[in-house]
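The values are calculated or read from the model by the stated rules, or taken from the named source; none is laboratory data. Keep in mind it's a predicted model, so treat the numbers as computed, not measured. For neighbour counting, all protein chains shown are included, and Cβ atoms are generated from backbone atoms with ideal geometry for every residue, glycine included.
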Amino acid sequence: MLLEDLQVILKVAEFRSITAAATNLDMRTATASAAVKRVEVALGAELFVRTTRHLRLSSAGERYLPECEQALKILEQAKLNMREELGILDGEIRIALSSDLGRNLITPWLDEFLLEYPKATLRTSISDSNIDFYRDSVDMALRYGSPTDASMYGFKICDVPRILCAAPEYLAKMGTPSQPSNLAEHNGLLYQLHDMLQDEWVFNDGKQDHKVKLKGNRASNDADLVRRWCVAGKGVAIKSCLDMSSHLLSGEVVKIMPEFKPTPTELWLVCPSRQSVTPTVRLLRDLFREKTAEILSQLSEQDIIATQKS
């Protein structure tokens, strides 16, 4: 029994159509139909019930297909593991990235990765919107915040402090706030996520939370644009220290109200399931952990953030 024939069987079951499966696999319908017949002959059972208009799994197909799918996944994983041991990585990397972090930090790291593995290819999806692994053509997502879907599988990359920051020229003009209540006099650069305008900022002084309602003349659902406004001196913003790291280290942007800390977040590399964790995913996980640790260490050395726990 050919592995290629089994792959056709799974596609026919997925699309409930031999023609649609053939189109997806870029083959002739007759070729896909012949593959189905070969498998059924080898098994001595019909896997599909066919009518003039519909195709559905038979009772034998319902029992066989899940085990067939699992077996093919095991074989594919074994192949990937062997290639990893041989130092071979030549597949397509399909990764979703948040707008600011993805454009300004992760993309250059992925460029380095491709130099090390020149046979690999990259396809990125840049957006702050939630990723639907069953709708979007991605295999992994690097995102702030821990996974909320129990069916997903992820790796925590690092803890990420968030900071209140502004450009020195803005503070020279408007003054530097010393406590949350002062922010009422400042222009908030507001981020909008899932149609929710994040105009209520929460700070903690080590004893209690302080909530402040911000007003501002700029808002965006693109975190990269909020960062650009902040660097350009248009107002104050709450941002991930990773997103703002180069500007904080260069002095283009400074941290404000260090005694009052915004709610921190986490950076996670998420996959749709444990079975989808490939050697490539693990290599990228290690790369992201190494690179973010370097940045957080630099920020800590300049007292921009507290020393990170290992």
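Counting only residues that are in contact with an Asp or Glu (Cβ under 8 Å, 6 or more places away or on another chain) and either buried (at least 17 other Cβ atoms within 10 Å of the Cβ) or part of a helix (DSSP H, G or I) (or both), region 55-72 holds 2 of them. Go through region 273-292 and give me each residue that's part of a helix (DSSP H, G or I) and either closer than 20 Å to Leu183 by Cα or of a type outside the set (Lys, Arg) (or both). Scanning region 273-292 gives Gln275, Ser276, Pro279, Thr280, Val281, Leu283, Leu284, Asp286, Leu287, Phe288, Glu290, Thr292. Restrict the check to region 77-87 and report whether at least one residue is surrounded by 12 or more Cβ atoms within 10 Å (Cβ to Cβ), assigned to a helix (DSSP H, G or I) and either at pLDDT 90 or above or of a type in the set (A, V, I, L, M) (or both). Yes, there is a match, as at least one residue in region 77-87 is surrounded by 12 or more Cβ atoms within 10 Å (Cβ to Cβ), assigned to a helix (DSSP H, G or I) and either at pLDDT 90 or above or of a type in the set (A, V, I, L, M) (or both). Comparison of Ser137, Ser146 shows that the only residue that is in contact with a strand residue (DSSP E or B) (Cβ under 8 Å, 6 or more places away or on another chain), under 28 Å from Lys261 (Cα atoms), among the polar types (S, T, N, Q) and in contact (Cβ under 8 Å) with a residue 24 or more places away in the chain is Ser146. Scanning region 162-179 for residues being surrounded by 13 or more Cβ atoms within 10 Å (Cβ to Cβ) and in a helix (DSSP H, G or I) gives a total of 4.
So, Asp205, is that one among the charged types (D, E, K, R) and farther than 27 Å from Leu296 by Cβ or not? Criteria not met by Asp205.
Within region 180-211, if we keep just the residues that are within 22 Å of Trp229 (Cα to Cα) and among the polar types (S, T, N, Q), the residue that is surrounded by the most Cβ atoms within 10 Å (Cβ to Cβ) turns out to be Asn187. So, in region 234-252, of the ones that are out of contact with any Ser or Thr (no Cβ under 8 Å at 6 or more places or on another chain) and in a strand (DSSP E or B), which residue ends up surrounded by the fewest Cβ atoms within 10 Å (Cβ to Cβ)? That would be Ile238. Just one of the listed residues (Asp111, Asp159) is within 27 Å of Met244 (Cα to Cα) and either buried (at least 19 other Cβ atoms within 10 Å of the Cβ) or without any contact (Cβ under 8 Å) to a residue 40 or more places away in the chain (or both), and it is Asp111. Within this structure, Ser151 fails the test of being under 25 Å from Ser300 (Cβ atoms), part of a loop (DSSP other than H, G, I, E, B) and among the polar types (S, T, N, Q). Just one of (1) surrounded by fewer than 13 Cβ atoms within 10 Å (Cβ to Cβ); (2) in a helix (DSSP H, G or I); (3) modelled with pLDDT under 90; (4) small (Gly, Ala, Ser) fails for Ala30. It is (3). Between Val8, Val39, the distinction of being farther than 30 Å from Tyr144 by Cα, over 31 Å from the mean Cα position of the chain (by Cα) and surrounded by 17 or more Cβ atoms within 10 Å (Cβ to Cβ) belongs to Val39 only. With respect to the conditions (1) surrounded by 15 or more Cβ atoms within 10 Å (Cβ to Cβ); (2) assigned to a helix (DSSP H, G or I); (3) at pLDDT below 95, Val270 falls short on a single one, namely (2).
Please determine whether any residue of region 209-219 is part of a helix (DSSP H, G or I), polar (S, T, N, Q) and at pLDDT 95 or above. Checked against the condition, which is being part of a helix (DSSP H, G or I), polar (S, T, N, Q) and at pLDDT 95 or above, region 209-219 yields no hits at all.
Taking Arg103, is it outside the structural domain of Ala223 (by TED's automatic domain parsing) and surrounded by fewer than 16 Cβ atoms within 10 Å (Cβ to Cβ)? Judged against the criteria, Arg103 is not a match.
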